[in-house]
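A.B. asks: Sharing a structure, written as structure tokens. Questions coming.
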Amino acid sequence: MAHLERYSRQLLFSGIGEEGQQRLLNSHVLIVGVGALGTVLANHMVRSGVGHIRIVDRDYVEMSNLQRQMLFTESDVEQALPKAVAAKQMLEKVNGSVHIEAFVEDVTIQNVDMLMEGIDLVLDGTDNFKTRFLLNDACFKKGIPFGYGGAVSARGMSAFLVPEKTPCLRCFITSGASPGETCDTVGVISPVVDIVASYQVVEALKYLVGATDQLRRSVQTFDLWGNYDHKLQFQAPKPDCPTCQLHEYPALQVEQEAETTLCGRDTVQIATGSRFQLKEWAAKLQPIATVKETPFLLRVSLPEGEQLVLFPDGRVLVQGTEDISRARTLFSKYIGD
């Protein structure tokens, strides 16, 4: 019992107890996105003693993240650490007995199966519906619960979705193709993030300890600034839902686009499909641009004013434009086709 001392207050809680804690220690959770929501999710999961945590994020830490992304520091910004790496380093200081895996990748059709291998549930820390629908479809195809959450401005929404037990995300959010409002366009206050992630974590803990009869069967929405709170009770799944009823899983059928505009970030992401050797590219680009190399990425300040960020997995961020044609022109000029 000595190793359980850190969880003593959690053990006293009747909903968990020693048996529930042992279940948590044996659980495997995937957290996709380690930004505002994801850092809170990961922090609670690790402190609660979930034994195996896999975190995935495609981005690196910037100064604007520190207002609400609780695992990061100014030192992480200075080092341009990938969020997954910085989160892992911080979380291992919090609870060294938890096994944490960090992936600096974009979640795609090509890697989602690998990332979900051996996972008991998936928690949503993303900021776009393209990835959420991909996770939703993959979870419902594999029979893995999906803890959805979203936060923007002063508003939040969450739902815990269980295959064969509840509707899926597509049953109550029919369209997510347009960017809409994001934290980068209308802002967000950090208490909203904490509340949404806490709702997600509570439902995840219920599921992992086996208290499935206590799971909330509703979509929780609220506006902290406008003093609004509403629960939308789950209804029967839509009979024509392509995911949970027709089992077509459309997000798993769509080819990955090479270029993606990151809404509100003044950034275009280009996926090359092949890996980068950062040292080789640093040597190639140093004569013609200002290059900063870290073990995890390469930042290249171009004479034109934009910036390229190269990741080992073959992704390039073109920062300083949301024009895909402009981004492709710069990419072709400095990286090639």
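A.B. asks: Over the C-alpha atoms of region 228-289, what are the Rg and the largest Cα-to-Cα span, Dmax, in Å?
C.D. replies: 21.4, 61
A.B. asks: I would also like to ask the following. Inverting the mean 1/r over all pairs of different Cα atoms, compute the Kirkwood radius of region 274-320 and quote it in Å.
C.D. replies: In region 274-320 this quantity evaluates to 10.5 Å.
A.B. asks: Next question, about the same structure. Could you tell me what percent of the accessible area of region 98-140 is made up of carbon and sulfur, with a 1.4 Å probe and every protein chain present?
C.D. replies: 52 percent
A.B. asks: Put +1 on the Cβ of each Lys and Arg and -1 on the Cβ of each Asp and Glu in region 1-127; which of 94, 39, 64 then has its Cα farthest toward the positive end of the dipole?
C.D. replies: 94
A.B. asks: Note the per residue figure in Å³ for the convex hull of the C-alpha positions in the chain.
C.D. replies: 137 Å³
A.B. asks: Give the accessible surface of region 244-337 per residue, rounded to a whole number of Å², with probe radius 1.4 Å and ligands, DNA and RNA excluded.
C.D. replies: Per residue, region 244-337 has an accessible area of 51 Å².
A.B. asks: Tell me, what is the per residue accessible area of region 11-86 in Å², probe radius 1.4 Å?
C.D. replies: On the way: 2700 Å² over 76 residues.
Value for region 11-86: 35 Å² per residue.
A.B. asks: Rounded to a whole number, what is D in µm²/s for region 8-161 from Stokes-Einstein with the Kirkwood radius over alpha-carbon pairs (20 °C, 1.002 mPa s)? Walk me through the intermediate numbers first.
C.D. replies: Working: Rh = 15.9 Å.
For the chosen part, D equals 135 µm²/s.
A.B. asks: Report residue 228's accessible area, 1.4 Å probe, all protein chains in place, as a number in Å² to the nearest 10.
C.D. replies: 120 Å²
A.B. asks: Ok, one more. Please tell me the relative contact order of the chain in percent, rounded to the nearest whole number, where contacts are Cα pairs under 8 Å and at least six residues apart.
C.D. replies: Reported as a whole number, the value is 14 percent.
A.B. asks: Sticking with this one: Accessible area of region 221-337 with a 1.4 Å probe: how many percent of it is carbon plus sulfur?
C.D. replies: Carbon and sulfur together cover 50 percent of it.
A.B. asks: Could I ask something else about it? What angle, in degrees between 0 and 90 and rounded to the nearest 10, separates the Cα long axis of helix 36-48 from the longest principal axis of the Cα atoms of the chain?
C.D. replies: Computed tilt is about 50 degrees.
A.B. asks: Could I ask something else about it? As a test of the formula, what do you get for the chain when each DSSP H run with n ≥ 4 contributes -39,500 (n - 2.57) and the sum is divided by the residue count, at 222 nm and rounded to the nearest 500 deg cm²/dmol?
C.D. replies: On the way: 12 runs with 110 residues, N = 337.
It comes out at -9500 deg cm²/dmol, rounded to the nearest 500.
A.B. asks: Could I ask something else about it? Treating only the Cβ atoms of Lys and Arg (+1) and Asp and Glu (-1) as charged, compute the dipole magnitude of region 10-86 about its Cα centre; round to the nearest 20 debye.
C.D. replies: Dipole size: approximately 240 debye.
A.B. asks: Hey, another quick one. In the Gaussian network model of the chain, springs joining C-alpha atoms below 10 Å, which of 70, 116, 90 carries the largest mean-square fluctuation?
C.D. replies: Answer for the Gaussian network model of the chain: 90.
A.B. asks: Here is a further query. Going by average Cβ neighbours within 10 Å, how do the peptides 237-250, 34-47, 4-17 rank, with the highest at the top? If you can, show how the numbers build up before the last one.
C.D. replies: On the way: 237-250: 15.6, 34-47: 25.8, 4-17: 13.4.
For the peptides 237-250, 34-47, 4-17, the packing ranking is 34-47, 237-250, 4-17.
A.B. asks: Also: Rounding to the nearest 20 debye, state how big the charge dipole of the chain is about its Cα centre with +1 on each Lys and Arg Cβ and -1 on each Asp and Glu Cβ.
C.D. replies: 460 debye
A.B. asks: How many lysine pairs in region 43-168, separated by 8 or more positions in sequence or lying on different chains, have Cα atoms less than 28 Å apart?
C.D. replies: Within region 43-168, the lysine pair count is 10.
A.B. asks: Hey, another quick one. Going by Cα centres, region 261-285 and region 134-175 are how many Å apart?
C.D. replies: If we compute the Cα centre of each part, the gap is 30 Å.
The values are calculated or read from the model by the stated rules, or taken from the named source; none is laboratory data. Note that the structure is predicted; figures quoted are calculated from it, not measured. Counting neighbours? That spans all protein chains shown, and the Cβs are built from the backbone with ideal geometry, glycine included. Ligands, DNA and RNA are stripped out before the accessible areas are found, and what is left, the full protein with its side chains, is counted by its heavy atoms. Shrake-Rupley method; radii C 1.70, N 1.55, O 1.52, S 1.80 Å.
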